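Below you'll find the structure, written out as structure tokens, and then a few comments.
The values are calculated or read from the model by the stated rules, or taken from the named source; none is laboratory data. None of these values were measured; they are calculated from a predicted model. Please note: Cβ atoms are built from the backbone with ideal geometry, for glycine as well, and neighbour counts cover all protein chains shown. Remember, those area values only see protein heavy atoms, side chains included, never the ligands or the DNA or RNA. Shrake-Rupley method; radii C 1.70, N 1.55, O 1.52, S 1.80 Å.
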Amino acid sequence: MRTLIKHVLARKEGTDSLEIAGWVRTRRDSKAFSFIELNDGSCLGNLQIVADAGIPGYEEIHGMTTGASVSVSGKLIPSPAQGQDWEMQASSIKLLGAAPEDYPLQKKGHSPEFLRSIAHLRPRTNLFGATFRLRSRMSHAIHRFFQERDFVHVHTPIITASDCEGAGEMFRVTTLPDDKIAKDTEDFFGKRAYLTVSGQLEGETFACALSNIYTFGPTFRAENSNTSRHAAEFWMVEPEMAFCDLAGDMDCAEQLIRFLAAEALADPDLSIFEKFVDKTLRERLQHVVEKPFQRISYTDAVKLLEGSGKNFQYPVAYGLNLQSEHERWLTEEYFKQPTTVFNYPKEIKPFYMRLNEDGKTVTAMDLLVPGIGEIIGGSQREERYDVLLENFKHHHIDPEAYGWYADLRKYGTVPHAGFGLGFERLLMFVTGVHNIRDVIPFPRTPGHCEF
Ligand code: 4AD
């Protein structure tokens, strides 16, 4: 029977019979009646309730303080007040749960750091409510993008024995007691197991059967990076396409970002980010939707950086990884547009990337965006059996443990490519929010696993 406030506020006409429920944002009393601003989290807007003294439940009005939960019956009438079309004339009101004086979300603004310390309550604030509604809609949009293009959604495993990125940044999963922690063969799976860093390797097996697939799930990295764009647990969208090369991969990545920027522009919650986080947000996203993205090889990008005259904190030279400051210079200052850097030196990239004809570079690509840097990492995969086995050697990978992966190259191998989009980095990009900890419900970062 309860109507969500978002539907109430969108009504074209009033009604004599309405039931709503929510949490009190503010209350003002006069002798004869009280005004309550109620929010139920379905949208940014509050519904104003006018409660006359004497209606059933009014005797509990003093308990209806900020943060308390209440349900209301009554009618919806045009509001004489400025800035709102409707208000609710209560015929009865009920206090469901009081919120004592120590309720931490009082009317004054709170810092993001303080709100992180109450991550169980912060979705009740305007900004975080908007963030998590938008997160939900962007997740849905990602599924739509791929489903409309005939990609099959595959649920790749969370527990795995392989290290896709080869960086050794994996959280171990074990049931061994402390005194037996080294005895891998006695562990639950009879060998070492970890939380996945990427669904890619398993995704490849499905692309090499179903053509185009994507996986979208949580991934885990035990990297000790205390930055505003790294989390130990984050969500990744990973498409994988058979019969596809690096150019096709970059096309798909760019289309996805453009599609999601357009979705964000149409989002009903975008205005709050524009108002409080980034005044240029709408203009910036419009630019992403309308203007072509840039592409540049790693070799040329390094030349540009070397000639930039900038005093970077980290060195720039062929063979070194691009750091966030370099990525941001390219996309923010030089191109002023999302930019894909491709063909990186093989030494700084994982074993699965396809070796180029020059024997020096691999078909890697990173899509960089202003304000963040790398948002997507991907590549064409090495589909040649012998070359892959060589790569195993160079990267000290046990070919037996990855025999199933090599089999894809032994039986009906095909060129294929894919990428991973960090979902939280995408959310930072489309909202302007600066810290990854503020776009994921319960952030996991070094030293932090509360809630
Ligand atoms: O570049 P990465 O490491 O690529 C892979 O994992 C590939 N296996 C993906 C693939 O080809 N299927 O990570 C991909 C993206 C990055 O561009 C970044 O957006 C995000 O994942 N990412 C992180 N996001 C938050 N916290 C971290 N610690 C992240 N590490 C990577």
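Before moving on, here are some points about what is shown:
- Farthest toward the positive end of the dipole of the stretch 170-323, out of S271, L260, T205, is the Cα of S271, where the dipole comes from beta carbon charges about the Cα centre.
- Label-to-label distance, A167 versus H153, with points set 7 angstrom from Cα along the beta-carbon direction: 2.7 nm.
- Annotation: per residue accessible area for the stretch 150-216 equals 52 Å², rounded to a whole number [probe 1.4 Å, protein chains only].
- Student exercise, the stretch 46-199 dipole from Lys, Arg, Asp, Glu Cβ charges, in Debye to nearest 20: 320 debye
- Within the chain: Cβ-based charge dipole about Cα centre, in debye rounded to nearest 20 (Lys, Arg +1; Asp, Glu -1): 1120 debye
- Take every pair of alpha-carbon atoms less than 8 Å apart whose residues are at least six positions apart; their mean separation over the length of the stretch 1-144 yields a relative contact order of 21 percent.
- Projecting label points 7 angstrom from Cα along Cα→Cβ for S139 and Q313 puts them 3.3 nm apart.
- Order of exposure, largest accessible area first, which applies to V362, V387 with probe 1.4 Å: V387, V362
- Mean separation of Cα contacts under 8 Å (6+ apart) over length of the chain, as relative contact order %: 13 percent
- Loop-located trypsin sites (Lys or Arg not before Pro) in the stretch 342-434 (DSSP state not H, G, I, E or B) with no more than 11 neighbouring Cβ atoms inside 10 Å do not occur.
- Rounded, prolate or oblate (a/c below 1.5 giving rounded, otherwise prolate when a/b exceeds b/c) for the chain by Cα gyration tensor: prolate
- J(HN,Hα) series, the stretch 47-53, from Karplus relation 6.51 cos²θ - 1.76 cosθ + 1.60, nearest Hz, glycine and proline x: 10, 7, 9, 10, 10, 6, 4
- Annotation for the stretch 1-74: trypsin sites (Lys or Arg not before Pro) lying in DSSP loop with at most 15 further Cβ atoms inside 10 Å of their Cβ are R2, R11, K12, K31.
- Candidate residues C164, C449: accessible-area rank, largest first, probe 1.4 Å: C449, C164
- In Hz, Karplus ³J(HN,Hα) per residue of the stretch 26-31 (6.51, -1.76, 1.60; θ = phi - 60°; x = Gly, Pro): 8, 9, 10, 10, 10, 4
- When the GluC sites (Glu not before Pro) in the stretch 1-74 are filtered for DSSP coil states and for at most 12 other beta-carbon atoms within 10 Å of their beta-carbon, the remaining sites are E13.
- Cβ charges +1 (Lys, Arg) and -1 (Asp, Glu), total dipole of the stretch 256-396, debye: 120 debye
- The stretch 254-318, relative contact order [Cα under 8 Å, separation at least 6], %: 29 percent
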